[in-house]
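Q: Submitted below is the structure of interest, expressed as structure tokens.
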Amino acid sequence: MSAQPGGDRVRRFLLEGHPVRGQLVQLESSWAAMREHAHYPEPVRDLLGEAMAAAVLLASTLKFEGSLALQMQGDGAVGLLVAQCTHDFRVRGVARYDEARIAPDFAVLTGRGRIAVTIESVERGAPYQGIVPLAGNSLAECIDGYFATSEQLPTRVRLAADAQRAAGLLVQHLPGAEVDAVWERTCERATGVHGQELLYDSCEALARRVGAGDDVRLFAGSPVAFECRCSRERVLGVLRALGEEEVQGVLREQGKVTVTCDFCHRPYVFDAIDVTQVFGPPAVPVTDRIN
């Protein structure tokens with residue numbers, strides 16, 4: 001299941017003559033499509049939106065075909081959060097949370113734990129994984145820490161999300177060059193971008209603001225779309241793996257079998273006819289008859 005990308009795009013920009021690059025992403029239709037069958041409390045929703053934007057930004061730095069998964073796991077109200085993005089910017093995400101513990105505070109939401117970034121390549125062998133602790137006052141600060149520790153690249157990230165949009169900004173100093181005043185003022189301007197500006201200002205305006213005083217080249221970018229890998233055929237495979245006895249048991253108890261996708265929360269409902277098509281008619285007990 002996928003949504004048309006519409007205006008959702010990730011766009012790259014450069015500061016001409018300086019070893020500084022950036023990425024901007026704004027998600028709207030893809031963000032709405034991901035939550036079509038799900039309801040998240042506002043703090044969890046916004047954190048998931050930020051993670052979706054962060055996954056796109058991170059994937060935009062890949063130089064090969066593959067996928068990237070951003071996973072946050074801790075002992076806070078949000079025990080697990082996963083955002084995934086492919087090299088061609090198909091995104092999905094999910095969060096698991098304890099509603100009774102939710103508060104609009106990053107430390108309460110995440111608790112103590114870690115962030116893992118897993119990169120898989122179509123052509124290469126084993127996946128690469130970088131792990132950093134959940135340290136900082138926001139997800140953006142944690143991503144900064146990931147780049148400083150795992151990639152050893154000076155990076156500044158800004159993230160924001162609300163009920164309508166999710167967005168992100170990444171500026172990065174290219175390797176092999178000395179950090180100078182241009183990089184310092186670029187970081188300062190990026191840090192000064194507020195959430196509502198990041199969500200609703202145009203990419204052109206944001207790039208000009210971050211690169212003010214420098215010649216900025218903004219590229220057309222690539223469309224981003226929500227895409228979940230679930231399908232009725234895949235769910236049928238899950239039912240077959242569970243086995244006829246267990247599936248028939250659920251059918252007897254509930255009158256139907258419902259399987260909900262972890263990522264898009266789309267429910268797949270199977271009635272007795274569907275189950276019969278998968279396993280055949282249920283076995284009829286054989287009883288001894290006395291003549």
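The values are calculated or read from the model by the stated rules, or taken from the named source; none is laboratory data. Quick caveat, the model's predicted, so the values are computed rather than measured. Virtual Cβ from ideal backbone geometry, glycine too; neighbours counted across all protein chains shown.
Q: Could you figure out which of (1) acidic (Asp, Glu); (2) over 19 Å from Val82 (Cα atoms); (3) touching a residue at least 40 places away in the same chain (Cβ under 8 Å) isn't true of Glu151?
A: Of (1) acidic (Asp, Glu); (2) over 19 Å from Val82 (Cα atoms); (3) touching a residue at least 40 places away in the same chain (Cβ under 8 Å), only one is false for Glu151: (3).
Yes/no matrix, rows are residues, columns are (1) over 13 Å from the mean Cα position of the chain (by Cα); (2) assigned to a strand (DSSP E or B); (3) not assigned by TED's automatic domain parsing to the domain that holds Phe147:
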residue	(1), (2), (3)
Ala53	no, no, no
Leu68	no, yes, no
Gly76	yes, no, no
Cys85	no, yes, no
Ala95	no, yes, no
Pro104	yes, no, no
Gln129	yes, yes, no
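Q: While we're looking at this one, here's another question. Looking at (1) at pLDDT 95 or above; (2) in contact with a helix residue (DSSP H, G or I) (Cβ under 7 Å, 6 or more places away or on another chain), which is the one condition that is false for Asn137?
A: Against the list (1) at pLDDT 95 or above; (2) in contact with a helix residue (DSSP H, G or I) (Cβ under 7 Å, 6 or more places away or on another chain), Asn137 comes up short only on (1).
Q: Quick check, is Arg45 assigned by TED's automatic domain parsing to the domain that holds Cys142, surrounded by fewer than 19 Cβ atoms within 10 Å (Cβ to Cβ), over 18 Å from Phe219 (Cα atoms) and under 16 Å from the mean Cα position of the chain (by Cα)?
A: Judged against the criteria, Arg45 is not a match.
Q: Please list, ordered by first then second residue, the pairs with beta carbon atoms under 7 Å, 6 or more apart or interchain, first in the stretch 171-184 and crowded, with 17+ Cβ neighbours inside 10 Å, second aromatic (Phe, Trp, Tyr) and part of a helix (DSSP H, G or I).
A: Partner pairs satisfying both residue conditions: His173/Trp183.
Q: If Ala207 satisfies all but one of (1) surrounded by 17 or more Cβ atoms within 10 Å (Cβ to Cβ); (2) free of Cβ contacts under 8 Å to residues at least 40 places away in the same chain, what's the number of the condition it fails?
A: (2)
Q: Regarding Val10, is this residue outside any loop (DSSP other than H, G, I, E, B), modelled with pLDDT of 95 or more, of a type outside the set (Phe, Trp, Tyr) and within 16 Å of Leu139 (Cβ to Cβ)?
A: It is false that Val10 is outside any loop (DSSP other than H, G, I, E, B), modelled with pLDDT of 95 or more, of a type outside the set (Phe, Trp, Tyr) and within 16 Å of Leu139 (Cβ to Cβ).
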